[in-house]
Amino acid sequence: MNTNETKLIDGCFVVDHQRWGTYISYSTDGEKLITSLTESDCIAATQWYLKQRQEARFTEGGTSYAGTVDGKL
């Protein structure tokens, strides 16, 4: 993280401006969360993501689906 460009938001995550123009949010323990083209989008997406994670809408490991179709066409 670039300590000169970081901003603590809501006391729970940091937004860092990268040298190539993108913004990355990190949790307070350093976990990368969201990458975005604008600071406002990064903040909004991170707030939404953390809220969903807090409400247990995301599960560890996620869900996977098969991409095959059975039968004759």
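Coordinate-derived values only; no laboratory data. As the structure is a prediction and not an experimental result, all values here were calculated from the model. Quick reminder, even Gly has a Cβ in these numbers, built from the backbone with ideal geometry, and neighbours come from all protein chains shown.
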Note to self: Could you sort the peptides 30-38, 13-21 by per-residue average Cβ neighbour count (10 Å cutoff), highest mean leading?
What the structure shows: 13-21, 30-38
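If each residue of separation counts as 0.36 nm, what is the full-extension length gain between LEU8 and THR22 once their alpha-carbon separation is subtracted?
Details: separation 14, 0.36 × 14 = 5.04 nm, distance 1.67 nm.
3.4 nm is the gain from fully extending LEU8 to THR22.
For segment 7-54, which semi-axes, largest first and in whole Å, follow from the square roots of 5 times the eigenvalues of its Cα gyration tensor?
Values: eigenvalues 54, 25, 15 Å².
Equivalent-ellipsoid dimensions as semi-axes: 16, 11, 9 Å.
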